[in-house]
Amino acid sequence: MNENCDSEIVDINVKLDEIHRDIRTFIEDSNRQHLESILAFVRSDYSDVLEKHLIADTEIGLSKNMVKKCDRLDQCRPVFTDMLQKNASLIKQSSVDSELIDNKRVELKTLRKGMPYDKCDICFSEVTDLFEKQVDLMQSLRVYETKKDSKQNISLVPSQSVIDDVLDPLCHPKRFEILKAVSAQSMSFSFLSKLTGLRGGNLLFHLQKLSDSGMIIQPHERGDYMITSKGFKVMESVSEMYSVLIPEEN
């Protein structure tokens, strides 16, 4: 009986995932006005179904992929379940504030910092993936939109400013390595030296280039280097652009 129920849930999830992909394709290819009417219909008539899908997806994902042999499992799983179920309920709203989603991402990162084990990364990776899948579906339904979802007029992009402030700082492989590293956590000069193979003035030149562009900061003299909000947004944009332009391997 349970096997049949699990099989039905999997089949439903597959169908909903297909609907999700179809919505994305429709967003790209359809007339905007017609699209909005279709999305309004989906939001009003299928929001309960979509919420149940996200909750079921959460239960399956946490059950399968959290670390089984951990003394904190019984403490962490209810916390993650509650967090993801509350986030799933946002799919029923007509609009979700981008600041709310950003705060939830910060909440996840803060929660991770308070966990004691390296293996906690496994559970938090699963929770983050489930969270971002929920947000992705919200974006598909236009329930949640970020500023970057708004189309920009390419002709208005200031060429020289983009080159000086974004492209030039990114164009050197060593600087790109540095930005990738500090995107995850703050780094000391000595660690970045080991990472890049650069020493003294050579490393300092590239750090200064990134600092001048506003992508990293060193809050205290001789302190660690940290990525700025601008630097993080640039790296997120690069990651998104790469995923779009470079097809995934089969």
Between the range 45-110 and the range 169-237, what's the alpha-carbon centroid distance in Å? 33 Å
Enumerate the calculated ³J(HN,Hα) couplings along the range 97-104 in order (Karplus 6.51 cos²θ - 1.76 cosθ + 1.60, θ = phi - 60°), each rounded to whole Hz, writing x wherever the residue is Gly or Pro. 5, 4, 5, 5, 5, 4, 5, 5
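Taking 29 Å as the cut-off for C-alpha to C-alpha distance, list the pairs among 86/109; 133/230; 64/104; 119/230; 119/180 that go past it.
Listed pairs above 29 Å: 119/230.
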Using the number of other C-beta atoms within 10 angstrom as an exposure proxy, rank 70, 123 with the fewest first. 70, 123
P(r) of the range 62-177 over all Cα-Cα pairs, binned every 5 Å from zero, in whole percent: 2, 9, 16, 15, 12, 13, 13, 10, 6, 3, 1, 0
Distances over 16 Å make up what percent of all Cα-Cα pairs in the range 156-245? 52 percent
Here the relative contact order (percent) of the range 96-250, from C-alpha pairs under 8 Å and at least 6 apart, is 18 percent
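Rule-based calculations on the coordinates, nothing more; no lab input. Bear in mind that the values here come from a model prediction, so they are computed numbers and not experimental data. As a convention, Cβ positions derive from the backbone with ideal geometry for all residues, glycine included, and neighbour counts pool all protein chains shown.
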